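The values are calculated or read from the model by the stated rules, or taken from the named source; none is laboratory data. None of these values were measured; they are calculated from a predicted model. Here the Cβ positions follow ideal geometry from the backbone for every residue, glycine too, while neighbour counts run over all protein chains shown.
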Amino acid sequence: MIQYSCFHGGIYSVNPSSVRVDFSSNINPLGISKKVLKALRKNLPTLSSIYPDNEHTILKKKIIDYLGGSLSQDSVNIGNGATELIYNFVRTFVRNQVLIPSPTFCEYELASRKIGAKIKHAPLRNWKLDIDKILEKSTNSDAIFLCNPNNPTGLFSYELIEKLIEKLDSSIKIFIDESFIEFVDENKHPRTFIEKINEFQNIVVLRSLTKSFGLAGLRLGYCVSHPSTAKKILQNKISWNVNGLAQMAGVTALEDFSHIRRARKIIKTERDFMYTNINNRMNSFSAIESDVNYYLIRLHHGNSTQVRDLLLEKNGILVRDCSDFKGMNHRYIRVAVRTHSENLDLLDSLESIDT
Ligand SMILES: Cc1ncc(COP(=O)(O)O)c(C=O)c1O
């Protein structure tokens, strides 16, 4: 089997002690909320020594409230990070082939390769979904992965995905990863495909609390689908997959949406600030406009791996080298939007290697 790997995972993708600021992971710039930290400290002694709720009862209820209250409990699956649910989805529904519009998040491919599936890529066109190409290549696929907002390119058109769902053969499972949807600018009116799970039983929508609520180390994600689809995914869950502290942190986090609202404000202001400064002040870099909590920087010359290594070596700044994204090249790095002082740090570091 062809080995495929991708170079992600934040500070542990390199020597962790070399990283001062991590711009390679797209996590809430405010990190974990104070309320969640307080709850974790209070519950640590008890929750550390008892088995967690294998049914995730309280967390499931909280997720349903968070999503508007109308979903049934058996439409939700909870994972040890969103990533676990990608693997469970693949184990449940993929036998022969998957279709992946690329570039995108690499775990869809890694999970599918693990079970020996054939991978087909449908290249984006000008970083938009190429509906005709996807439909043409979808024959014989068990599943298609749509990441929206897409990592690393940003938001796709809702209407285009809607059109695609209507046109795809209903035997193809459609996995829609909305891990970053909470960070989309409010004026873009991001719409979720969770609304469609009862109309289309072949849709599974993924969310991650590790991004939105800064719980990357605790690991927490969920997916929502029609109950009959969710029931099948559940069969691949291992017992006690989500630890008690993560479940409790999730419950507390979901009660505090203001944490996301505050982060969104920072993201919008800071992204505009970075965009203006990079594009006006630098010769070697252009920031590409984005609607979410990360953006691409195009290198006018040089190589993204060298730029990543240089920023790390000289300044302890870690950025995501995009050269291992299928369909990208050595011309792009991806950076998270962080706090103002951290962003100033990144600007200085970029300026120090600008030519
Ligand atoms: C699009 C996308 N989905 C899912 C994940 C994984 O999320 P989690 O940390 O919850 O496993 C990532 C992580 O980078 C991602 O970029």
Collect the residues in segment 63-75 that are within 23 Å of the chain's Cα centre (by Cα) and more than 14 Å from ARG207 (Cα to Cα), keeping them in residue-number order.
ASP65, GLY68, LEU71
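Check every one of the strands (runs of 3 or more DSSP E) wholly within segment 206-299 and list those with 2 or more residues that are assigned by TED's automatic domain parsing to the domain that holds LEU59 and hydrophobic (A, V, I, L, M, F, W, C). Please lay out each step first, then the result.
Details: elements: 221-225, 285-287, 294-299.
Of the strands (runs of 3 or more DSSP E) lying wholly inside segment 206-299, those with at least 2 residues that are assigned by TED's automatic domain parsing to the domain that holds LEU59 and hydrophobic (A, V, I, L, M, F, W, C) span 221-225.
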For residues that are hydrophobic (A, V, I, L, M, F, W, C) and assigned to a helix (DSSP H, G or I), scanning just segment 159-175, find the one that is farthest from MET328 (Cα to Cα).
ILE165
Which count do you get for residues in segment 82-100 that are away from the ligand (no atom under 15 Å from the Cβ) and surrounded by fewer than 23 Cβ atoms within 10 Å (Cβ to Cβ)?
7
Mind counting the residues in segment 7-51 that are surrounded by 18 or more Cβ atoms within 10 Å (Cβ to Cβ) and among the charged types (D, E, K, R)?
1
Quick check: anything in segment 328-340 out of contact with any strand residue (DSSP E or B) (no Cβ under 9 Å at 6 or more places or on another chain), closer than 24 Å to PRO149 by Cα and at pLDDT 95 or above?
yes
Identify, please: which residue in segment 250-265 is touching a residue at least 24 places away in the same chain (Cβ under 8 Å) and more than 19 Å from the chain's Cα centre (by Cα) and is, among those, nearest to LEU37 (Cα to Cα)?
THR252
Out of the residues in segment 101-121 that are touching a helix residue (DSSP H, G or I) at 6+ places or on another chain (Cβ under 8 Å) and more than 20 Å from LEU296 (Cβ to Cβ), state the one that is nearest to the ligand (Cβ to nearest atom).
ALA111
Residue ID - surrounded by the most Cβ atoms within 10 Å (Cβ to Cβ), chosen from residues in segment 210-269 that are among the charged types (D, E, K, R) and within 16 Å of the ligand (Cβ to nearest atom):
LYS211
Go through ILE144, ILE161, ILE131 for me and flag whichever is β-branched (Val, Ile, Thr) and more than 14 Å from PHE175 (Cα to Cα).
ILE131
Could you look through segment 139-158, keep only residues that are in a strand (DSSP E or B) and aliphatic (A, V, I, L, M), and pick out the one that is farthest from ARG298 (Cα to Cα)?
ALA143
